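Every number here is computed from the coordinates shown, using simple stated rules; none is lab data. It should be emphasised that the depicted structure is a prediction, and the values quoted were computed from it without experimental measurement. Please note: Cβ atoms are built from the backbone with ideal geometry, for glycine as well, and neighbour counts cover all protein chains shown.
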Amino acid sequence: MSVQKKDSFLAFRYPEFRYYMAANFLFTVGFLIQEVIIGYELYKLTGDPKAIGFVGLSYALPFMALSLVGGHLADKLSKKKILLMSVLGIAACSLTLFFVSKMLVDAASAHSLQYVIYGVVAATGGFYAFFSPTASSLKPLLVERHAYENAATWGSAGWQAGTIVGPGVSGFIYNWCGFTNTILVVLVLFAMVAFFLLLIRDRRVENPEAGNIIQKIKEGIAFVGKTRMLLYSISLDLFAVLFGGVVAILPVFAEDILKVGPGWLGVLRAAPSVGAVLTLLVLTRTSVMDKAWRNMLLAVAGFGVATIVFALSQNVWLSIVALFFTGAFDAVSVVIRHTILQLVVPDEMRGRVGAVNGIFLSASNELGAFESGMAASWLGTVRSVVAGGAISLAIVSVVWMKSRDLFGVDLRK
């Protein structure tokens, strides 16, 4: 990869980007603390990996159903108001879970808690369908064009730092405070997110183009379909993480395969993010946009190999190292994909294209969680993850052959 030194903190020269980063980090920490403890609580209640898979499905279906609407509104209305209302809606879901879990205290009511959790997760997915495309469409408006790659790198680093801190502390907070009181911690974090969002000046597209909602959504989908590098990049992420992702079934590895318990579950969950953050810190000083398409394909292939190593590991430290490298390789592909999104998408279409990207990501992460739970139940946990890593490598090979003409595209121009 070509190395090109640059201003590591270029995007942070813009004050509103700093507020965005703070909100992004705190939201991710709260969101993932809740995600981890929900997964662990359900596995304790049921002892069935399918229960974890249904969490992903409960979240993904409303998110995918509403995301294009959220993207359309992000291109048309006040981005700041949409973000604030979405955060308040997600916080209301957490508050509901807090009160219901306090009332469900015996073994009989624990079964009811399982279905309450699915309902809360589904409502959270609905609100996030408006938050996600709006946040992704806002970020490029906070910096100038020459800072896009740096903003994409730091934006990913902030998210990944949150995925270290959130899962890393979730198991310990859960052990100390229990499920119910951990939700209170999440609510405090969401309140802080709202505070930082209030510091960002409102943004909306000036004089948005006319057209009904169906027509505008179709335009966003069509734009992705005709922009091959954009389409291939988000498709690669979809299929690699859909089949190769292991995060959702880490409770099974922690309990039944590595036998290390909830404390180590947080460490395992955080390991990919540690790898990602360290890689992203390197990428603030160097660029992967020279031969970007080749670099992205190599990164996704590395992700598949590291996934297979994790699946076959019987040692917790080797498992942590393998997960570390899944995050490191994923970080490279994320920076390239996000930079492509910022460079090729016009301002008036960022919400809708961000929504399409969000649907692909949800399909990979949340439906991937469902797929992981189902595959682990049917094939066995280890065999399902090995198969997923192998499928990821096969998909990279197919895309490599079909996209050779993109190797010479210089995105820096």
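Data table
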item	result
Relative exposure of Lys50, Lys102, judged by other C-beta atoms within 10 Å (fewest first)	Lys102, Lys50
Ranked Lys79, Lys44, criterion: other C-beta atoms within 10 Å, fewest first	Lys44, Lys79
Ellipsoid semi-axes in whole angstrom, largest first, where each is sqrt(5λ) of the Cα gyration tensor of region 104-204	34, 17, 12
Under-5 Å amide H pairs with Ser287, H placed in peptide plane, nonlocal only	Gln4
Which of Ile82, Ala65, Leu343, positive extreme of dipole for the chain (C-beta unit charges)	Leu343
Relative packing of peptides 176-188, 395-407, 130-142 - highest average C-beta neighbours within 10 Å first	130-142, 176-188, 395-407
Exceeding the 28 Å Cα-Cα cut-off - candidates Lys80/Lys226; Lys76/Lys226; Lys216/Lys402; Lys139/Lys226; Lys80/Lys291; Lys50/Lys402	Lys80/Lys226; Lys216/Lys402; Lys80/Lys291; Lys50/Lys402
Estimated [θ] at 222 nm from DSSP helical runs (n ≥ 4, -39500 (n - 2.57)) normalised by residues in the chain, nearest 500	-28000 deg cm²/dmol
Positive-end extreme of charge dipole, the chain - chosen from Ser94, Ala222, Gly39 (charges on Cβ)	Ala222
Debye equation applied to the C-alpha atoms of the chain, log10 I(q)/I(0) at 0.06, 0.07, 0.09 Å⁻¹	-0.22, -0.30, -0.51
Debye, to nearest 20: dipole size of the chain, +1 on Lys, Arg Cβ, -1 on Asp, Glu Cβ	880
Likely footprinting exposure, Thr124, Thr381, fewest C-beta neighbours within 10 Å first	Thr381, Thr124
Per-selection Kirkwood Rh - region 5-87 (Cα, Å, 1 d.p.)	15.9
